[in-house]
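Notes for the one structure printed next.
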């Protein structure tokens, strides 16, 4: 399909970029070939979108909950009708295997819209506390900056709650993976979103992203991406004292306790780490196992990793596609090399592409054993299919290793005893702790401690970030 890559969606219409906008190749990571050129906006383009959102805010924020529910339901229906198009765009732009792109990548966006609708149905914007009326109002214009690794997941979990509470938005998708965002803008138009309520400007961080974070007419900037970039966003936003919500990096521990079923737990841990080719901020990349079960865990992990098929995202047999770019590929290769150099045991995988894949940013599913907390592969976010297995000699030590990181997005605990698992989980400094590989919960708050960010997303938790609280004090 063709994509409207040369224009931006501003004030209810597709418009030409301002003079000076450049073009950037969109690279298919499976082929390394350019599949499109996307216009990269300038400060002027971002300002035009912000002005449209600001002009639309007064009217849209005054709409009723009933009206916004009807709008979200139209968005949901239009999105569902375009699921195949969204999935195709995501496979093309960031290499997700086609079946996973449909069920997980595109499907996650639909799930967030549906969860937001359900949350909004139950949400109360006013409450009485004695004679005081507490009112929750839309904060204003939201600048939304989203990543390439889960493009539609992050677009939907920001746009849907912002609109649910009456905010208007300006979205900047990742310039690395912009195609699905363009399809999303078409969906918003097809759903009849009022002019100016949703705007999309493609661009890079120094251009459009910096304008969104610093502009006085943006009341909240919500950013998902690297901790490095999140720090820049926060600094840029500081001068206007706007609200900043961030979902940043992670180095999530997966503690497998001695009473767990190791065959099940280790295999699930490998699959969780390697899903989306390891390109998930909450991936369980550090597997902590009892010292006397370390060799057993290594053998199970080796079998699980070597059973995974890396290859063409269009092949139904493929489990892992390529990573997104040459930059990411090179970073992952350097970190794999550091693991070998630092003395970790290379269990399977390693450097360079898998055999038979001479083109595309493919990485061998890689497992390291005997990893110690001081190694780079134990400390840095790799964002590729690389698992570090780390032994511990006591549960107290496991918790200490797990928390010995600047990140705190997610944690994982495996145990045959739920109470046992929860005792450990309570000690982890992380925003979410997954016990025994549960199903995804769209109504659980998602966000991190420490340098993994601030604020929470998903359903009603996400809606709170886009609201101001006002107290009307007094009585007649």
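Observations, loosely collected:
- Total residues in the stretch 409-421, condition surrounded by fewer than 24 Cβ atoms within 10 Å (Cβ to Cβ) and assigned to a loop (DSSP other than H, G, I, E, B): 3
- Listed by position, the helices (runs of 4 or more DSSP H) contained in the stretch 85-202 that have at least 1 residues being more than 25 Å from residue 8 (Cβ to Cβ) and assigned by TED's automatic domain parsing to the domain that holds residue 34 are 107-122.
- For the stretch 34-57, the count of residues that are in contact with a strand residue (DSSP E or B) (Cβ under 7 Å, 6 or more places away or on another chain) and without any contact (Cβ under 8 Å) to a residue 24 or more places away in the chain is at least one.
- Here 39, 49 are screened, and the one residue that is at pLDDT 95 or above and closer than 30 Å to residue 135 by Cβ is 49.
A quick yes/no check of all residues on (1) surrounded by 18 or more Cβ atoms within 10 Å (Cβ to Cβ); (2) closer than 21 Å to residue 436 by Cα:
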| site | (1), (2) |
| --- | --- |
| 258 | no, yes |
| 278 | yes, yes |
| 283 | yes, yes |
| 299 | no, yes |
| 320 | yes, no |
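- Among the residues of the stretch 452-461, some residue qualifies, meaning at least one is part of a helix (DSSP H, G or I), more than 16 Å from the chain's Cα centre (by Cα) and at pLDDT 95 or above.
- Subset of the stretch 377-408 [under 20 Å from residue 225 (Cβ atoms) and either assigned by TED's automatic domain parsing to the domain that holds residue 225 or in a helix (DSSP H, G or I) (or both)]: 379
- Matching option when the condition is part of a loop (DSSP other than H, G, I, E, B), closer than 17 Å to residue 323 by Cα and not assigned by TED's automatic domain parsing to the domain that holds residue 151, among 259, 282: 282
- Any hit, the stretch 308-327, residues being outside the structural domain of residue 104 (by TED's automatic domain parsing), in a helix (DSSP H, G or I) and farther than 18 Å from residue 453 by Cα: yes
- Matching residues, the stretch 426-440, being within 15 Å of the chain's Cα centre (by Cα) and assigned to a loop (DSSP other than H, G, I, E, B): 431, 440
- Cross-chain or 6+ apart pairs with Cβ under 6 Å, the stretch 324-343 first and at pLDDT 95 or above, then assigned to a helix (DSSP H, G or I): 324/94; 335/377; 338/376; 339/377
- On inspection, residue 363 passes the criterion of being at pLDDT 95 or above, in a loop (DSSP other than H, G, I, E, B) and touching a strand residue (DSSP E or B) at 6+ places or on another chain (Cβ under 8 Å).
- Within the stretch 58-79, considering residues that are over 22 Å from residue 14 (Cα atoms) and either in contact with a helix residue (DSSP H, G or I) (Cβ under 7 Å, 6 or more places away or on another chain) or touching a residue at least 12 places away in the same chain (Cβ under 8 Å) (or both), the one surrounded by the fewest Cβ atoms within 10 Å (Cβ to Cβ): 62
- Residues satisfying the stated conditions in the stretch 1-42, i.e. outside any strand (DSSP E or B) and closer than 14 Å to residue 208 by Cα: 17, 18, 20, 21, 41, 42
- Given (1) in contact with a strand residue (DSSP E or B) (Cβ under 7 Å, 6 or more places away or on another chain); (2) surrounded by fewer than 20 Cβ atoms within 10 Å (Cβ to Cβ); (3) free of Cβ contacts under 8 Å to residues at least 60 places away in the same chain, number of the condition residue 454 does not satisfy: (3)
- Residue tally, condition out of contact with any helix residue (DSSP H, G or I) (no Cβ under 6 Å at 6 or more places or on another chain), without any contact (Cβ under 8 Å) to a residue 60 or more places away in the chain and within 16 Å of residue 288 (Cα to Cα), over the stretch 344-389: 5
The values are calculated or read from the model by the stated rules, or taken from the named source; none is laboratory data. Keep in mind it's a predicted model, so treat the numbers as computed, not measured. Cβ sites come from the backbone with ideal geometry, for glycine too, and all protein chains shown count toward neighbours.
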